[in-house]
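Asker: Next up is a structure, given as structure tokens.
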Amino acid sequence: MKILCLLMSLVIAILSGLLIFTAQSGHFPMSQVAETDEIPVVEESKTVKTLISSQIGLVDELVESLQVAREELDASKLRLDKREKNLQELYSTYLKLRQETSLLIEDFESQLVKVEESEFKNCKKLSGVYSKMDPASAAQSLKHMEAERVALILSQMESRAMAAIMEEAVTISVDGSESVAQWSDAIRRLNENKGEA
């Protein structure tokens, strides 16, 4: 059974080849051989030349399209190389700016610490001055300052002096109790920040 299938496949292949050759050349090769004993070299060579020339045109078109594709690929590669170079320059700039920013932040933080230390010393001196003043005069003067600064000053006083100044602040004006509430809230926040640090 297998041998029969193989033989049929071989016969079909031979007949297909003859059919294709007949379709391309326009005549059946066996009939010419039977009529004449000569091999028709001229007609076959014309057919071969026609096939070769048509194939050469196709090959030329393929070569030309490959050259165009190669040129486009080279142009794309140049564009990509240029973009990569730009990205590398931008990344380098980013790293420099990041380093400069880090240095600036460190400098700012050190200056902030110095300012805070200086502010703390000034507030300590002011707390000594205000605690020696008349409570009414001290309260009047403190009402014109920011609540955070007043909190720094009052938090460094003894409790009696701080209470006397706060009591006078309530009595000297209508909005005195509001000022004292703001000062107390600022002192509470200051104490919370000290607790966290």
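The values are calculated or read from the model by the stated rules, or taken from the named source; none is laboratory data. Quick caveat: nothing in here was measured; it's all calculated off a predicted structure. Cβ sites come from the backbone with ideal geometry, for glycine too, and all protein chains shown count toward neighbours.
Asker: Just give me the residues in the range 172-187 being in a helix (DSSP H, G or I) and polar (S, T, N, Q), in sequence order.
Answerer: The answer is 177, 179, 182, 184.
Asker: Does residue 89 qualify as being outside the structural domain of residue 176 (by TED's automatic domain parsing) and at negative phi? Write out each step before concluding.
Answerer: Numbers: outside the structural domain of residue 176 (by TED's automatic domain parsing): yes; at negative phi: yes.
Against the criterion (outside the structural domain of residue 176 (by TED's automatic domain parsing) and at negative phi), residue 89 qualifies.
Asker: Here's another thing I want to ask about it. For residue 100, work out the one condition from (1) modelled with pLDDT under 90; (2) out of contact with any Gly (no Cβ under 7 Å at 6 or more places or on another chain) it doesn't fulfil.
Answerer: (1) is the only condition that residue 100 fails.
Asker: Ok, one more. Might you check whether a residue that is surrounded by 10 or more Cβ atoms within 10 Å (Cβ to Cβ), aliphatic (A, V, I, L, M) and modelled with pLDDT of 90 or more occurs anywhere in the range 105-115?
Answerer: Looking through the range 105-115, at least one residue is surrounded by 10 or more Cβ atoms within 10 Å (Cβ to Cβ), aliphatic (A, V, I, L, M) and modelled with pLDDT of 90 or more.
Asker: When you look at residue 19, is it modelled with pLDDT under 70 and of a type outside the set (Lys, Arg), yes or no? Write out each step before concluding.
Answerer: Details: modelled with pLDDT under 70: no; of a type outside the set (Lys, Arg): yes.
Answer is no for this residue.
Each row is one residue, and each column tells you yes or no for (1) surrounded by fewer than 19 Cβ atoms within 10 Å (Cβ to Cβ); (2) out of contact with any helix residue (DSSP H, G or I) (no Cβ under 8 Å at 6 or more places or on another chain); (3) at pLDDT below 90; (4) not in a helix (DSSP H, G or I).
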| position | (1), (2), (3), (4) |
| --- | --- |
| 160 | yes, yes, no, no |
| 167 | yes, no, no, no |
| 170 | yes, no, yes, no |
| 189 | yes, no, yes, no |
| 195 | yes, yes, yes, no |
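Asker: Out of the residues in the range 138-152 that are under 49 Å from the mean Cα position of the chain (by Cα) and under 17 Å from residue 176 (Cβ atoms), which is surrounded by the fewest Cβ atoms within 10 Å (Cβ to Cβ)?
Answerer: As a first pass, look at the range 138-152 and keep what is under 49 Å from the mean Cα position of the chain (by Cα): 145-152.
Filter again for under 17 Å from residue 176 (Cβ atoms), leaving 145-147, 150-151.
On the way: 145: 15, 146: 10, 147: 18, 150: 27, 151: 22.
That would be 146.
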